[in-house]
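> Structure below; questions to follow.
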Amino acid sequence: MTTNKLIIEIRAGAGGDEASIFAGDLARMYQRYAAKQGWSFSILDSSENGQGYKSLTAEIKGEGCYEALKHESGVHRVQRIPKTEKAGRVHTSTASVAILPIVEAREVNISPNDLEVTFSRAGGPGGQNVNKVETAVRILHRPTGIVVASREERSQYANREKAMDVLRAKLYELEQIRAVGNIAQDRRDQIGSADRSEKIRTYNFPDDRITDHRIGKKWHNIEKILEGEFDPIVKAFAEQPK
């Protein structure tokens, strides 16, 4: 396992379009924070929904990125008045975040016979090439039912390698959870069901306050933090007793 590379998954939860917008807000926050740290942020696969994302998978690479962001796993909740809300009511929506370390191939044994690999034409960045050649890759790991994909690279080989990185990260996570106990509960603890009641952090716009419910810390200036000024939260976790 390396602490200088990770996979981040963000999925919209409860709240319809507003949840997708919030998922997009979180994605941009992490992307901008990565840029400020000099890390790379590469989107591997995404499902867009209007102004936001139904889901997004990205790779972050840079010194100490996993240590800085590992506490982001869980359900994030936002309370705000959506732009489409004419009555001025505050809505509550959620998005789930998973932070997975990238592991070396030798650390996770994957049998080629367990994989179902399919290719398709990729849309999005990459010029005309992505629309003419089947460069997008989708991999199903039959024993676990895990599905991963990558479509942002220009070549089929590069997308397959990225998708395998994601698959190894997910399988490594499952192995670690099995080693410590109940897989279903631990996975639920990290990702949650994205229900409104399950949360690690609340972004309350009317009060301009972010609250982390695990360490009891609060921060103001939500807009500034969402613009990538994320150091106060990272530092708060770094200061917690080990």
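Values quoted throughout were computed directly from the atomic coordinates according to the rules given, and no laboratory measurement underlies them. Note that this is a predicted model, so its numbers are computed, not measured. So basically every Cβ, Gly included, is an ideal-geometry build from the backbone, and we count neighbours across all protein chains shown.
> Using just the helices of the chain, give the 222 nm mean residue ellipticity in deg cm²/dmol: DSSP H runs with n ≥ 4 each add -39,500 (n - 2.57), and the total is spread over all residues, rounded to 500.
On the way: 7 runs with 77 residues, N = 242.
After summing the helix terms and dividing by the residues of the chain, the value is -9500 deg cm²/dmol.
> What full-extension length gain, to one decimal in nm, is calculated for N113 and D231 as 0.36 nm per residue of separation minus the Cα-Cα distance?
Stretched out fully, the N113 to D231 stretch lengthens by 38.1 nm.
> Give me the orientation-averaged projected area of the Cα convex hull of the chain, in nm², one decimal.
14.1 nm²
> Here's a follow-up. With a point put 7 Å past each Cα toward its Cβ, work out how far Q176 is from K70 in nm, to one decimal.
0.6 nm
> Shifting gears a bit: Any idea how far apart A158 and E104 come out in nm if each label point goes 7 Å out from Cα toward Cβ?
2.5 nm
> Right, another one. Can you tell me which aspartates and glutamates have their Cα less than 18 Å from the Cα of K162? Leave out same-chain residues fewer than eight positions away.
Filter leaves E9, D45, E59, E104, E107, D114, E116, E134, E152, E153, E173.
> What is the spin-label model distance, in nm, from R121 to Q240 if the labels are put 7 Å beyond Cα along the C-beta direction?
4.7 nm
> Can you give the local net charge around N49? Use residues other than it whose beta-carbon is closer than 12 angstrom to its beta-carbon, Lys and Arg +1, Asp and Glu -1.
Within the 12 Å Cβ shell, the charges total -1.
> Work out the FRET efficiency for R209 and T144 from their Cβ-Cβ distance, taking R0 = 35 Å, and round it to the nearest 0.05.
The pair R209/T144 has a calculated efficiency of 0.35.
> What pairs from K61/K217; K36/K217; K36/K86; K54/K242; K36/K218 go past 31 Å between their alpha carbons?
Over 31 Å Cα-Cα: K36/K86; K54/K242.
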